[in-house]
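One structure is given below, encoded as structure tokens.
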Amino acid sequence: MASFDRKPEISPRKGQLYAVPVKFDDLWKIAAPVGFVEGFDLTAFDRLCQKARSAVDAIVEPQPLWEYPCIITGEQVVVAQFDFNSPPSPATFSTKITPQITGTNGIVFWMDWVHDGYTITSGLLENCTVGNRPQWSVGHRQGVYFLPEQERSKSRCSSVIVNVNFCSDGQLLFHFQHEN
């Protein structure tokens, strides 16, 4: 019975939530308004689609990014760290993401899982510098936040404050504030 008195070892021991701003070649178009096409005004359709997206789609949606080319437009940041050897408790994490290249149209999120002596990533497979194309994990989907149209169309880069609430039920709630 004495062996049951020990606390079991948990693996992975830690989790790290990362984010990086990107400029997608085409993926951003799934969240963009259509506008005018071949002389047809589709703005009413755009409003309907945007309203539907905001009602049912998660603000950070899963995408298999290895299928969608992009370039890194800013430095990656650690948004949150989780210690799985401690009981989970609600927490709020905040960070600032500052794109360095205009045309940024998304922010990518992923987790790294830290085990004893090694780390498994669900995101970047190797370091990628600003202006270069990243190599994403093929076996995982990454979370993507698409910048709103008014932010994508700015002629200069503006920072995004990312607030993440870790809830008692294990959910992550994302909130984004765009700076001018």
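The values are calculated or read from the model by the stated rules, or taken from the named source; none is laboratory data. These numbers were taken from a predicted model, which means no experiment stands behind them. As a convention, Cβ positions derive from the backbone with ideal geometry for all residues, glycine included, and neighbour counts pool all protein chains shown.
In table form, for the structure just shown:
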| read-out | value |
| --- | --- |
| Matching option when the condition is closer than 18 Å to Val77 by Cβ and crowded, with 16+ Cβ neighbours inside 10 Å, among Thr92, Thr129, Thr121 | Thr121 |
| Exclusive hit being touching a Ser or Thr at 6+ places or on another chain (Cβ under 7 Å) and not in a loop (DSSP other than H, G, I, E, B), set Lys23, Lys29 | Lys23 |
| Any chance Val34 is surrounded by 12 or more Cβ atoms within 10 Å (Cβ to Cβ) and at pLDDT below 90 | yes |
| Residue in the stretch 124-135 that is closer than 19 Å to Trp28 by Cα, basic (Lys, Arg) and out of contact with any strand residue (DSSP E or B) (no Cβ under 7 Å at 6 or more places or on another chain) present | no |
| Residues that are in a loop (DSSP other than H, G, I, E, B) and either loosely packed, with under 15 Cβ neighbours inside 10 Å or of a type in the set (Gly, Ala, Ser) (or both), drawn from the stretch 37-68 | Glu38, Gly39, Asp57, Ala58, Ile59, Pro64 |
| Test: residue in the stretch 59-70 that is in contact (Cβ under 8 Å) with a residue 60 or more places away in the chain, over 22 Å from Lys154 (Cβ atoms), of a type in the set (S, T, N, Q) and out of contact with any strand residue (DSSP E or B) (no Cβ under 8 Å at 6 or more places or on another chain) | no |
| Residue satisfying condition, being closer than 14 Å to Val60 by Cα and either touching an Asp or Glu at 6+ places or on another chain (Cβ under 9 Å) or part of a loop (DSSP other than H, G, I, E, B) (or both), within set Val138, Val130, Val144, Val108 | Val144 |
| Total residues in the stretch 1-29, condition surrounded by 11 or more Cβ atoms within 10 Å (Cβ to Cβ) and free of Cβ contacts under 8 Å to residues at least 12 places away in the same chain | 1 |
| In the stretch 155-180, residue nearest to Ile120 (Cα to Cα) [restricted to those that are out of contact with any strand residue (DSSP E or B) (no Cβ under 9 Å at 6 or more places or on another chain) and of a type outside the set (S, T, N, Q)] | Gly170 |
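This table checks each residue for (1) at pLDDT 80 or above; (2) over 25 Å from the mean Cα position of the chain (by Cα).
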position: Pro8; (1), (2): no, yes
position: Gln16; (1), (2): yes, no
position: Asp26; (1), (2): yes, no
position: Lys29; (1), (2): yes, no
position: Gly39; (1), (2): yes, yes
position: Trp66; (1), (2): yes, no
